[in-house]
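The values are calculated or read from the model by the stated rules, or taken from the named source; none is laboratory data. Computed from a prediction, not measured in an experiment: that's the story for all the values here. So basically every Cβ, Gly included, is an ideal-geometry build from the backbone, and we count neighbours across all protein chains shown.
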Amino acid sequence: MYTHGLEIELYNNETTEIPFECARLSVPLDYKRPNNGLRAIIPIIKYPAEKDVPYKGSILINPGGPGGLGSEIVYDVPTARQIRSNIIGPGWDILGFDPRGIGYSVPYGSCDIIPYSVEPERQNATTLFQEPSKLRSRRRATKLPPNNDEVSYGILIPDDPPSWKPQAYQTAFQFNTACQEYVSQYNQAGPHMNTVVVATDMLSIGKALARERNQPEDTTLVNFYGISYGTLLGQYFATLYPNNVGRFLLDGVVDADTWISHSDVNTTVTHVDKAWSLFFSSCFNAGPERCSFYTARNSSGTGKVPVTRNSHSLRDRFNTITSRLNATKYELEGKEYAPVVSSILITLKLLIFNSIYRAHETWPHLSDFFVAAEPILVPNPAEWDLEALQTAFFELQMKMGVTTYAPVTTIPESFTQVSCTDARDIRGVEITPAEEQAWKLASRVGGVSKLGARIQCSQWQIRPSWEWYGPVGGATKTPILFAGTLLDPITPFEK
């Protein structure tokens with residue numbers, strides 16, 4: 001038998017009287033070698049069903065990523081209530097679990113990219129004879145230039161400078177070196193974080209729940225709500241264990257085939273630029289009372305203040321700002337301020353990309369930054385107040401960080417650790433100019449971000465103990481409901 005019983009504790013959220021149940025499930029570290037004595041621990045938290053309605057069962061949830069914590073999304077009561085009222089409905093126990101190497105799981109996948117995030121007592125697998133240590137407490141932690149290939153939906157997004165690519169490779173090498181030190185050994189998280197393992201953990205959870213209810217294990221039906229990366233997890237489960245598929249809702253569907261083959265240029269960021277273009281019409285419709293960028297500020301050097309007549313005038317002002325963040329030009333000219341401009345440009349594109357997920361919360365912060373940057377970025381860069389520009393940008397990053405909820409247990413390593421071991425081995429395979437251009441054409445805003453992920457995998461040396469590359473698909477015991485939004489920035493509806 002692969003799984004032990006659930007170790008359950010009753011736990012109250014400090015801000016509510018709702019009694020959560022927290023559990024830890026011991027499973028084989030390696031399902032291909034289940035009897036070698038090495039164990040992983042999967043943390044689970046249950047938001048219990050209401051007591052005044054008929055009970056329907058349990059449903060697992062994965063919020064995406066890879067790197068999202070099921071434990072945290074369920075523990076956040078307003079979010080859990082919203083999921084219940086808007087999506088799942090009454091009568092269900094909602095179970096969030098942390099995937100391998102992520103969150104509160106053991107072994108933990110931290111490579112110390114965030115300083116002091118390594119926890120020595122959680123870095124290695126446990127054994128059949130070892131009591132798991134207690135989980136740590138939660139913390140909350142105008143005129144367009146001639147190079148029109150940089151324009152998408154009328155929006156000017158300059159290229160990253162030539163230094164970007166070698167820096168990306170160097171960063172990826174350093175990233176891999178750190179993870180080799182902390183998580184690469186067989187009894188550590190790195191070789192056991194790919195999606196096929198986590199999908200099997202879902203089955204182990206389902207079987208453990210069946211045992212708790214004195215029900216047959218092998219015929220248990222797992223119910224699941226997966227978002228973004230969670231849809232990939234659901235697809236893997238459905239392919240591997242079709243007779244155990246209960247009610248599945250997969251929202252924002254990842255294309256599994258291109259995820260595995262590193263060929264997802266046309267199945268991921270194709271809607272990012274169009275989604276960002278809506279910023280300008282949204283700002284114009286909101287008016288000056290709700291969008292600070294609506295009110296024009298002088299950046300022309302003429303003493304005249306342009307008039308906001310329509311959303312296009314807002315877009316043109318944005319284009320003026322970004323045209324002056326031409327890091328390539330300044331780098332080739334050897335300007336001393338080129339590194340500052342390059343850093344702001346690269347990070348700004350990433351912030352814009354991420355903002356699309358929570359536009360109502362994040363776009364006001366971007367609007368404020370554009371207002372602050374506009375009078376600084378006069379036509380002559382020699383006249384820029386770089387300190388003021390950096391201060392405004394730092395404030396933007398702080399606001400975006402506060403707005404975008406991320407518990408301290410969310411670490412940047414997770415996406416690379418999962419995506420690179422899910423996909424076929426491309427160690428040492430450099431991106432080609434054609435591939436680079438294809439990503440830029442797919443999205444001026446988000447293409448480089450995906451290129452960075454591709455470079456990470458070319459330097460990633462850890463391979464999975466259980467390699468599985470599909471094919472994904474097939475008939476299931478219960479039909480699966482797929483859903484999506486029309487302008488999802490990473491999972492296009494039509495794909």
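Cβ contacts < 9 Å: first residue at positive phi, restricted to segment 40-60; second residue surrounded by 15 or more Cβ atoms within 10 Å (Cβ to Cβ) and in a strand (DSSP E or B), any location; separation 6+ or different chain. Result?
Gly57/Trp92; Gly57/Asp93; Gly57/Asn223; Gly57/Gly246; Gly57/Arg247
From the list Arg213, Arg247, which one is modelled with pLDDT under 95 and of a type in the set (Lys, Arg)? Full working, then the answer.
Working: Arg247 fails: modelled with pLDDT under 95.
Exactly one of Arg213, Arg247 is modelled with pLDDT under 95 and of a type in the set (Lys, Arg), namely Arg213.
So, in segment 156-195, exactly how many residues are polar (S, T, N, Q), touching a Leu at 6+ places or on another chain (Cβ under 8 Å) and in a loop (DSSP other than H, G, I, E, B)? Outline the logic, then answer.
Start the filter on segment 156-195 by keeping residues that are polar (S, T, N, Q), which leaves 163, 167, 170-171, 174, 176-177, 180, 184-185, 187-188, 194-195.
Still in the list and also touching a Leu at 6+ places or on another chain (Cβ under 8 Å): 187, 195.
Pick out the ones that are also in a loop (DSSP other than H, G, I, E, B) and you get 187.
Counting residues in segment 156-195 that are polar (S, T, N, Q), touching a Leu at 6+ places or on another chain (Cβ under 8 Å) and in a loop (DSSP other than H, G, I, E, B) gives 1.
Inside segment 257-298, can you point out the residues that are in a loop (DSSP other than H, G, I, E, B) and either small (Gly, Ala, Ser) or under 19 Å from Ala372 (Cβ atoms) (or both)? Walk me through it before giving the result.
Here is the first cut: in segment 257-298, the ones in a loop (DSSP other than H, G, I, E, B) are 262-271, 287-291, 295-298.
Result: Ser263, Gly287, Pro288, Glu289, Arg290, Cys291, Thr295, Ala296, Arg297, Asn298.
All but one of (1) within 30 Å of Glu217 (Cα to Cα); (2) modelled with pLDDT of 85 or more hold for Thr127; which doesn't?
Against the list (1) within 30 Å of Glu217 (Cα to Cα); (2) modelled with pLDDT of 85 or more, Thr127 comes up short only on (2).
Within segment 85-105, how many residues are outside any loop (DSSP other than H, G, I, E, B) and closer than 16 Å to Glu413 by Cβ?
Within segment 85-105, the subset outside any loop (DSSP other than H, G, I, E, B) is 85-88, 92-97, 101.
From what is left, the residues that are closer than 16 Å to Glu413 by Cβ are 101.
Qualifying residue count for the region: 1.
State which residue pairs qualify: first residue at positive phi and inside segment 356-378, second residue hydroxyl-bearing (Ser, Thr, Tyr) and assigned to a helix (DSSP H, G or I) in any location, beta carbons under 8 Å apart, and separation of 6 or more residues or different chains.
Close Cβ pairs satisfying both conditions: none exist.
Given the conditions (1) in contact with a Leu (Cβ under 7 Å, 6 or more places away or on another chain); (2) surrounded by fewer than 24 Cβ atoms within 10 Å (Cβ to Cβ); (3) assigned to a helix (DSSP H, G or I); (4) at pLDDT 95 or above, report the number of the one that Gly234 does not fulfil.
The one condition Gly234 does not meet is (2).
Considering only segment 409-433, state which residues are under 20 Å from the mean Cα position of the chain (by Cα), buried (at least 16 other Cβ atoms within 10 Å of the Cβ) and outside any helix (DSSP H, G or I).
Selection gives Thr409, Thr410, Ile411, Ala423.
Would you be able to say whether some residue in segment 428-451 is closer than 23 Å to Pro99 by Cβ and among the hydrophobic types (A, V, I, L, M, F, W, C)?
Initially, segment 428-451 is screened for residues closer than 23 Å to Pro99 by Cβ, giving 449-450.
Add one more test, that the residue is among the hydrophobic types (A, V, I, L, M, F, W, C), and what stays is none.
No, segment 428-451 contains no residue that is closer than 23 Å to Pro99 by Cβ and among the hydrophobic types (A, V, I, L, M, F, W, C).
Residue check: is Ser152 at pLDDT 95 or above and either more than 24 Å from the chain's Cα centre (by Cα) or closer than 30 Å to Lys329 by Cβ (or both)? Talk me through it step by step, then tell me what you get.
Numbers: at pLDDT 95 or above: no; either more than 24 Å from the chain's Cα centre (by Cα) or closer than 30 Å to Lys329 by Cβ (or both): yes.
Here the answer is no, as Ser152 does not meet what is asked.
Within segment 30-56, track down each residue that is part of a loop (DSSP other than H, G, I, E, B) and β-branched (Val, Ile, Thr). Quick ask: steps written out before the conclusion?
So the first thing to find is which residues in segment 30-56 are part of a loop (DSSP other than H, G, I, E, B), and the list is 30-37, 48-56.
Scanning segment 30-56 gives a single hit, Val53.
Report whether or not Ile59 is part of a strand (DSSP E or B), modelled with pLDDT of 90 or more and either surrounded by 14 or more Cβ atoms within 10 Å (Cβ to Cβ) or not hydrophobic (A, V, I, L, M, F, W, C) (or both). Before the answer, list the steps.
Details: part of a strand (DSSP E or B): yes; modelled with pLDDT of 90 or more: yes; either surrounded by 14 or more Cβ atoms within 10 Å (Cβ to Cβ) or not hydrophobic (A, V, I, L, M, F, W, C) (or both): yes.
Spelling it out, Ile59 is indeed part of a strand (DSSP E or B), modelled with pLDDT of 90 or more and either surrounded by 14 or more Cβ atoms within 10 Å (Cβ to Cβ) or not hydrophobic (A, V, I, L, M, F, W, C) (or both).
Checking the conditions here, which among Arg427, Arg444, Arg463, Arg454 is basic (Lys, Arg) and at pLDDT 95 or above? Write out each step before concluding.
On the way: Arg427 fails: at pLDDT 95 or above; Arg444 fails: at pLDDT 95 or above; Arg454 fails: at pLDDT 95 or above.
Of the residues listed, the single one that is basic (Lys, Arg) and at pLDDT 95 or above is Arg463.
How many residues are more than 15 Å from Glu212 (Cα to Cα) and either part of a loop (DSSP other than H, G, I, E, B) or at pLDDT 95 or above (or both) when one looks only at segment 3-16? Give the steps one after another, and end with the answer.
Going residue by residue through segment 3-16, those that are more than 15 Å from Glu212 (Cα to Cα) are 10-16.
With either part of a loop (DSSP other than H, G, I, E, B) or at pLDDT 95 or above (or both) added as a condition, the list becomes 13-16.
Count: 4.
Going by the conditions given, is Phe284 over 24 Å from Leu451 (Cα atoms) and modelled with pLDDT of 95 or more?
Details: over 24 Å from Leu451 (Cα atoms): yes; modelled with pLDDT of 95 or more: no.
Taking the combined requirement at face value, the residue does not satisfy it.
Kindly establish whether Asp201 is out of contact with any Gly (no Cβ under 6 Å at 6 or more places or on another chain) and not in a helix (DSSP H, G or I).
Working: out of contact with any Gly (no Cβ under 6 Å at 6 or more places or on another chain): yes; not in a helix (DSSP H, G or I): no.
The answer is no for Asp201.
Kindly evaluate Ile205 against the criterion of being modelled with pLDDT of 95 or more and farther than 24 Å from Trp466 by Cβ.
Values: modelled with pLDDT of 95 or more: yes; farther than 24 Å from Trp466 by Cβ: no.
Criteria not met by Ile205.
Among the residues of segment 38-56, write down those that are farther than 18 Å from Tyr225 by Cβ, among the charged types (D, E, K, R) and at pLDDT 95 or above.
Correct list: Arg39 only.
Test of understanding: among Ile227, Ile157, which residue is within 22 Å of the chain's Cα centre (by Cα), among the aliphatic types (A, V, I, L, M) and closer than 26 Å to Gly447 by Cβ?
Working: Ile157 fails: within 22 Å of the chain's Cα centre (by Cα).
Step by step, each of Ile227, Ile157 is checked, and only Ile227 is within 22 Å of the chain's Cα centre (by Cα), among the aliphatic types (A, V, I, L, M) and closer than 26 Å to Gly447 by Cβ.
Would you check if there is a residue in segment 17-27 being in a strand (DSSP E or B), modelled with pLDDT of 60 or more and among the β-branched types (Val, Ile, Thr)?
To start, the set of residues in segment 17-27 that are in a strand (DSSP E or B) comprises 19-27.
Filter once more, keeping what is modelled with pLDDT of 60 or more: 19-27.
In the following step, the residues that additionally are among the β-branched types (Val, Ile, Thr) were identified as 27.
Checking segment 17-27: at least one residue is in a strand (DSSP E or B), modelled with pLDDT of 60 or more and among the β-branched types (Val, Ile, Thr).
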